[in-house]
Number of protein chains: 4
Amino acid sequence: MGSNSFGNIFRITTWGESHGKAIGVVIDGCPAGLEFCKEDIQIELALRQPGRNSYTSPRCEKDQADILSGVFEGKTTGTPISIIIFNHDVDSSKYEPIKDLLRPGHANFTYLQKYGIFDYRGGGRASARETACRVAAGAIAKKILLHYKIQLVAYVKEVAGIIMEQMEIEDFISFKKQVLASPVFCPDEQAAKKIMKTIEEMKEEGDSVGGVVELYVQGVPIGLGDPIYEKLEANLAKAMLTLPASKGIEFGAGFMGSKMKGSEHNDAFTVDEQGNVLTKTNHAGGLLGGISNGMPLLLKVAFKPTSSIKKNQQTIDIHKEKQEFNMPEGSRHDPCVALRAVPVVEAMGAIVLVDALLLHRTTRL
Amino acid sequence: MGSNSFGNIFRITTWGESHGKAIGVVIDGCPAGLEFCKEDIQIELALRQPGRNSYTSPRCEKDQADILSGVFEGKTTGTPISIIIFNHDVDSSKYEPIKDLLRPGHANFTYLQKYGIFDYRGGGRASARETACRVAAGAIAKKILLHYKIQLVAYVKEVAGIIMEQMEIEDFISFKKQVLASPVFCPDEQAAKKIMKTIEEMKEEGDSVGGVVELYVQGVPIGLGDPIYEKLEANLAKAMLTLPASKGIEFGAGFMGSKMKGSEHNDAFTVDEQGNVLTKTNHAGGLLGGISNGMPLLLKVAFKPTSSIKKNQQTIDIHKEKQEFNMPEGSRHDPCVALRAVPVVEAMGAIVLVDALLLHRTTRL
Amino acid sequence: MGSNSFGNIFRITTWGESHGKAIGVVIDGCPAGLEFCKEDIQIELALRQPGRNSYTSPRCEKDQADILSGVFEGKTTGTPISIIIFNHDVDSSKYEPIKDLLRPGHANFTYLQKYGIFDYRGGGRASARETACRVAAGAIAKKILLHYKIQLVAYVKEVAGIIMEQMEIEDFISFKKQVLASPVFCPDEQAAKKIMKTIEEMKEEGDSVGGVVELYVQGVPIGLGDPIYEKLEANLAKAMLTLPASKGIEFGAGFMGSKMKGSEHNDAFTVDEQGNVLTKTNHAGGLLGGISNGMPLLLKVAFKPTSSIKKNQQTIDIHKEKQEFNMPEGSRHDPCVALRAVPVVEAMGAIVLVDALLLHRTTRL
Amino acid sequence: MGSNSFGNIFRITTWGESHGKAIGVVIDGCPAGLEFCKEDIQIELALRQPGRNSYTSPRCEKDQADILSGVFEGKTTGTPISIIIFNHDVDSSKYEPIKDLLRPGHANFTYLQKYGIFDYRGGGRASARETACRVAAGAIAKKILLHYKIQLVAYVKEVAGIIMEQMEIEDFISFKKQVLASPVFCPDEQAAKKIMKTIEEMKEEGDSVGGVVELYVQGVPIGLGDPIYEKLEANLAKAMLTLPASKGIEFGAGFMGSKMKGSEHNDAFTVDEQGNVLTKTNHAGGLLGGISNGMPLLLKVAFKPTSSIKKNQQTIDIHKEKQEFNMPEGSRHDPCVALRAVPVVEAMGAIVLVDALLLHRTTRL
């Protein structure tokens, strides 16, 4: 089974704690023959990094990924690809004073209850640092998808109730550039400005805000996803709900769609000039019966506000005594975890799609 | 892998088409020694059945489940439990005329593209009829959970924008009775009335509406869920997004939580008089770091409006010619699929929880 | 996981007890588009049946398989194929007197200790009857393989020390006919006669004998099997060691090869007139590094003598008191379980190969 | 799925090529609370190492394992344990001249055909070097088993036809010491001497020999193994047949048992003075119906002679031209791979048993 693995055929296994020696990922089932190198990973990692700009936590991770196996003469060989990122810039001593306190909104309590032991330093295994491994694995997945002309872009749709305008994505490349150009991964400049202002305020207050990340995938061929229990929606939902701080997901019209009538929600089939079957609207988010229908895949992930804030909070300790909780001096503070999740949502989307793509090859005689 | 199976240790495998000879489920990994009989299934199946009352489709399924294996002298033996439900009351001929049309909002197009062949009769494998198997398997799961004092209740939270009042669940049993007493599984009488009225209107119009189902679980012990990729949230999300017509899920404050500040969202830890650790609020929906924290589990599932409506719709056929689409005369019409999903949401929740419960036993030396 | 399932992509799940209502199998992951019908199964089942002739147990199973799902208009649809075989001719009452005795060489003790409950009637889940389900699933697997010109034949290599002559298989079809023509599945007529005589003796004595079944597969393409832990050898070994009474397996020269020198054992590569790479000898049994090398696949499975014999045996009961053990009057007696295993070895080999074949499609970009 | 992973709950994933930067293993599902450190691994690795004495290849691997995650304050935490072993002492250039030749008895041909690319240096992923990772993971598994008083010992039973005397293991510890004291892991001094002599001859001749390794496990509780397809025998068979050069396995009387009568082979049940159920003989090798019966587990694994020999061999190249094959000057030469397999057989046995032990906890209500 492996509770630290994800995927069926294209399968990742991540390991490592925030303040351990290193973190890493093993990618099994990557098709042979893909050109792949360290730089492919670094480009992606750079986007996830805290310290990318002032809107995320200032820790300078300078993550350097190293490929230890599975690539020979610049190409994948079909054997497992092991990627390692050593941990630097860690000072665990400051976590010592809070190790016996139940951190509000945090997993230290549940880990401790479950396992009887918890590596509390920097959040241990429960730290968002684990997601760097997903981004590294996602770099491979995205390269495979690109080979098949499938492209993904994730962006910040909403922060603290500030919602980006609905945008028609006509040119994928220029849209993606717009997203990457924004310090908060939001292609709507007006919304982005407001979001930046809010995040600045949160930093000052020592508080945090939640947000919503949207994923748009172009070029998904018809037929991906395997009913009943390997539906594309189901695996994407699972993938996204493994992300730290994620609390919800919706596809296409999603929760809004539950307020609609069937006659409004049903996307009408039609044919374009090239003879491609498509639908006039895309309330379904590109999925019918859990199988991709050729329309763009569209989903949104909700993130709660970062639980680690700089404000004083009431809590108890492991001896059930009342205590005050304050984050250690000098510990990182991410005012909006949704921002850092953007490249991770993209990575997880890519991993699910590659897996579905490979499995789909086994469908017919 | 098995794309028609769900669960790791407690694992179900469903099979069967809507208009085939039978449908069924094999439950593997059920612990030995549980008292279990056919009646345990029938009680649950009765709730899912269309024709339960006028608010769901009038087809009288009269489903009779038969246990073919895995139970001996009234108790489970640890061997696979095979449950079969024969299909009756099926007239496939009326589906003949629409078999080459792309049904708007329906999976016949994607199935056909994926497999090159589709048993279109009554929706084939894509029919919601498959969920009867989940309910049957869920009956076992719920009985196991009851043994450990874990109880589930699902109910209609919202239909067509009509939202039920927030209710404090003080007495579980009486709340559950209230839910079951409602023809639309909605414990808020005022909302229930409006919902019934809306559904009546839809039936007249030949249209349909979407809705939201909420699941509340009481008595979940601390520690269920296995980070990173077998988080309880992740598996529940996967489970629910395999349901026909489901398009979203959220836990606790969910999407609303993304509009909150950390200082508001963080649930403060405290201790009750019995010395149990609990949180003052439950924005997290009972889950921290993907592990249950002892608070009630709370999630909502969004369902789109039923795609099969009685109105005339524009579409194309498999030869890409424009066509009008009308449901066959006399075919069933479910004005609100969310209603029928209520017992299925409960069943899937139970299946995920039993699986997590069993896996949890392997956590410590 | 599912301990009653086997295979990754082409995955079978069997269920049912010897004296329950029925036994059955669900085949998931069968490619769509294969012509398949009930008769394909019956032909295979007939070979496994006890009562085929006087050399196996006289119970007349008259197994009738029914296909309940997954086949539409004569073709597989990609959805799970459910096959059921109802149990007839069962009289469980005679097992009553021995239910508390530890049957020598039998699984009733270990099942009872493991699960705390055991459906002892006719051996329950531990009965060889379960293998009928494998044969049914194997019928599909063999048809898929035939489509790719891969053909299997299993035969009795040895019984009670009587070893069949080494035969060169030049014409596959006529060799297979020879095997099927033999009442004991042994293509060497001299050996077959001796084996028949021995089995007759065993029947008279009320004793049993062990045997060895060999599997030969022709037409296996190069490249099947996935290192490191999905090697073809590994999965075949697992498959065969799940068979009741099997106690060993060897590939190619096998245990004999451990007595050889490298210079003798290494199969020299060469090229035939059509330009195919092959090896001059086949000590490797068609496998190098766990991957098929294009040569015939060759393996042998050792079966212990049937544990159920008609002789009086000393044992104890569940209260640890000494007792005499005698099989119930009128219970079946299979003097050589290896004979009945022949079609099952073929079936399991086919299932492993189809699974490897499908997985192999995901290997390259 | 993950073809480089093994195990269900206690699950290992290995990665790395012989001449890459490093090799490693991730162990997922290890119970929390086990005391474990680097030295536990080093002790085991030392036994596997070539260069341990003159009877194995002279390469001095000096493997140093490093634990990168999953252990905190000396104890396992329930999170994945990542172990890395860096590769040293590698000179890949000498493999350059043979990279286009089909190596007799070796996997380079099948890898190349399967993936279209092969990291040929030192045998790449197909190298026995991968087994160091299994030994590292096995060190954890053995420590868990020891906690439950389950102990394993593997030893050389046979080399080149020289068979060790049947020995009664009365005192486990002293027997194990005897095995470890032997330069060829053979507790029978007479046989050991002959084996050493034969291996010396092989070294001189530049040839190799095969052998048989036996595994004996004491203290296995009743009830491990999950019918039908997770039988203990089946998983052990799979585990052992993933070992490089292994070509067969047998349990208890194994192939010999196929020559016996049921009345001889059936192990009679009895009770010892402490009231433990046991059998008078152990032809079953400790397993009935795939479930452990409390008797010692006993199995033998056959290894072919090492394919890499120093003699000149005829072969072809990838262009199908005839060529002579000679191992590169200075490349390692292991005259008997069975010797080096001894600690690996022990490790794989331990991994299977831990997995079965954990799964067994989920069996009853």
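The values are calculated or read from the model by the stated rules, or taken from the named source; none is laboratory data. Just so it is clear, the model here is predicted, and its values are computed rather than measured. Don't worry about glycine lacking a Cβ; one is built from the backbone with ideal geometry, like all the others, and counts go over all protein chains shown. In case anyone asks, the SASA skips ligands and DNA or RNA and just uses the protein heavy atoms, side chains included. Shrake-Rupley method; radii C 1.70, N 1.55, O 1.52, S 1.80 Å.
If you filter the stretch C:206-229 down to residues that are more than 7 Å from chain D (Cβ to nearest Cβ) and farther than 24 Å from B:M1 by Cα, you find that the one that is surrounded by the most Cβ atoms within 10 Å (Cβ to Cβ) is C:V213. C:A191 satisfies every condition listed in (1) free of Cβ contacts under 8 Å to residues at least 60 places away in the same chain; (2) small (G, A, S); (3) closer than 23 Å to D:G290 by Cβ except (3). Considering only the stretch C:326-339, state which residues are over 19 Å from C:A107 (Cα atoms) and open to solvent by 20 Å² or more (accessible area, probe 1.4 Å). Of everything in the stretch C:326-339, those that are over 19 Å from C:A107 (Cα atoms) and open to solvent by 20 Å² or more (accessible area, probe 1.4 Å) turn out to be C:E329, C:G330.
If the condition is being in a loop (DSSP other than H, G, I, E, B), within 14 Å of chain B (Cβ to nearest Cβ) and either hydroxyl-bearing (S, T, Y) or more than 24 Å from the chain's Cα centre (by Cα) (or both), then the stretch A:61-116 contributes A:D100, A:L102, A:G116. Based on what the data block shows, is A:I9 within 14 Å of chain B (Cβ to nearest Cβ), in a loop (DSSP other than H, G, I, E, B) and touching a residue at least 60 places away in the same chain (Cβ under 8 Å)? Yes. A:L232 falls short on exactly one of the conditions (1) within 14 Å of chain B (Cβ to nearest Cβ); (2) of a type in the set (A, V, I, L, M, F, W, C); (3) over 16 Å from the mean Cα position of the chain (by Cα); (4) closer than 30 Å to A:P328 by Cβ, and that condition is (4). Does D:K259 qualify as being of a type in the set (D, E, K, R), at pLDDT 95 or above and not in a loop (DSSP other than H, G, I, E, B)? Criteria not met by D:K259. Among the residues of the stretch C:255-278, those that are more than 8 Å from every other protein chain (Cβ to nearest Cβ) and within 29 Å of the chain's Cα centre (by Cα) comprise C:M256, C:L278.
Filtering B:C30, B:C37 for residues that are at negative phi, open to solvent by 10 Å² or more (accessible area, probe 1.4 Å), at pLDDT 95 or above and of a type outside the set (V, I, T) leaves a single hit, B:C37. Total residues in the stretch A:340-360 satisfying the condition of being out of contact with any helix residue (DSSP H, G or I) (no Cβ under 8 Å at 6 or more places or on another chain) and open to solvent by less than 10 Å² (accessible area, probe 1.4 Å): the figure is 1. Whether a residue is polar (S, T, N, Q) and at pLDDT below 95 was assessed, and A:S93 passes this test. Taking the numbered list (1) in a helix (DSSP H, G or I); (2) within 13 Å of chain D (Cβ to nearest Cβ); (3) open to solvent by 10 Å² or more (accessible area, probe 1.4 Å) in turn, C:I195 passes all entries but (3). Against the condition open to solvent by less than 20 Å² (accessible area, probe 1.4 Å), touching a helix residue (DSSP H, G or I) at 6+ places or on another chain (Cβ under 9 Å) and either assigned to a loop (DSSP other than H, G, I, E, B) or more than 8 Å from chain A (Cβ to nearest Cβ) (or both), how does B:A284 come out, does it pass? Yes. Considering (1) at the interface with chain C (Cβ under 9 Å from one of its Cβ atoms); (2) of a type in the set (A, V, I, L, M, F, W, C); (3) under 30 Å from D:H265 (Cβ atoms); (4) in a loop (DSSP other than H, G, I, E, B), the lone condition that D:M295 does not fulfil carries the number (1). Give the residue that is surrounded by the most Cβ atoms within 10 Å (Cβ to Cβ), with candidates limited to residues of the stretch B:287-325 that are among the small types (G, A, S) and over 30 Å from A:G275 (Cβ atoms). Among those residues, the one meeting the criterion is B:A302. Output yes when any residue across the stretch A:158-177 is under 17 Å from the mean Cα position of the chain (by Cα) and over 30 Å from A:L358 (Cβ atoms), and no when none is. Yes, the stretch A:158-177 contains a residue that is under 17 Å from the mean Cα position of the chain (by Cα) and over 30 Å from A:L358 (Cβ atoms).
Table: residues versus (1) in a helix (DSSP H, G or I); (2) touching a strand residue (DSSP E or B) at 6+ places or on another chain (Cβ under 6 Å); (3) at positive phi.
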position: D:C133; (1), (2), (3): yes, yes, no
position: D:A137; (1), (2), (3): yes, yes, no
position: D:I144; (1), (2), (3): yes, no, no
position: D:V153; (1), (2), (3): no, yes, no
position: D:E158; (1), (2), (3): no, yes, no
position: D:E165; (1), (2), (3): no, no, no
position: D:E168; (1), (2), (3): no, no, no
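Only residues that are more than 7 Å from every other protein chain (Cβ to nearest Cβ) and either on the phi > 0 side of the Ramachandran plot or outside any helix (DSSP H, G or I) (or both) were counted in the stretch D:119-131, giving 5. Summed over the stretch D:86-134, residues that are more than 18 Å from C:E233 (Cα to Cα) and without any contact (Cβ under 8 Å) to a residue 60 or more places away in the chain total 10.
Taking each residue of the stretch B:137-151 that is within 13 Å of another protein chain (Cβ to nearest Cβ) and closer than 14 Å to B:G70 by Cβ and looking for partners that are hydroxyl-bearing (S, T, Y) and outside any loop (DSSP other than H, G, I, E, B) with beta-carbon atoms closer than 9 Å, six or more apart or interchain, yields B:A137/B:T14; B:I140/B:T76.
Collect the residues in the stretch B:74-116 that are among the hydroxyl-bearing types (S, T, Y) and surrounded by fewer than 22 Cβ atoms within 10 Å (Cβ to Cβ), keeping them in residue-number order. B:S92, B:S93, B:Y95, listed by residue number. The set of residues in the stretch B:264-274 being over 21 Å from A:I163 (Cα atoms) and open to solvent by 20 Å² or more (accessible area, probe 1.4 Å) consists of B:A268, B:T270, B:V271, B:D272, B:E273, B:Q274.
Somewhere in the stretch D:160-169, is a residue buried (at least 21 other Cβ atoms within 10 Å of the Cβ), out of contact with any Leu (no Cβ under 6 Å at 6 or more places or on another chain) and over 25 Å from D:R332 (Cβ atoms)? Yes, the stretch D:160-169 contains a residue that is buried (at least 21 other Cβ atoms within 10 Å of the Cβ), out of contact with any Leu (no Cβ under 6 Å at 6 or more places or on another chain) and over 25 Å from D:R332 (Cβ atoms).
Checked against (1) part of a helix (DSSP H, G or I); (2) within 7 Å of chain A (Cβ to nearest Cβ); (3) hydrophobic (A, V, I, L, M, F, W, C); (4) touching a strand residue (DSSP E or B) at 6+ places or on another chain (Cβ under 7 Å), B:I249 meets all criteria but (1). Filtering the stretch B:117-151 to residues that are surrounded by fewer than 24 Cβ atoms within 10 Å (Cβ to Cβ), among the small types (G, A, S) and over 18 Å from the mean Cα position of the chain (by Cα) leaves only B:G122. Any residue that is under 23 Å from C:I228 (Cβ atoms) and not in a strand (DSSP E or B) - is there at least one of those in the stretch D:206-216? Yes: one or more hits. For A:T315, indicate whether it is assigned to a strand (DSSP E or B), of a type outside the set (G, A, S), more than 30 Å from A:M202 (Cα to Cα) and in contact with a Lys or Arg (Cβ under 9 Å, 6 or more places away or on another chain). No; evaluated as a whole, the condition is false for this residue. The set of residues from the stretch A:103-161 being of a type in the set (V, I, T) and more than 16 Å from A:K304 (Cα to Cα) comprises A:T110, A:I117, A:T131, A:V135, A:I140, A:I144, A:I150, A:V153.
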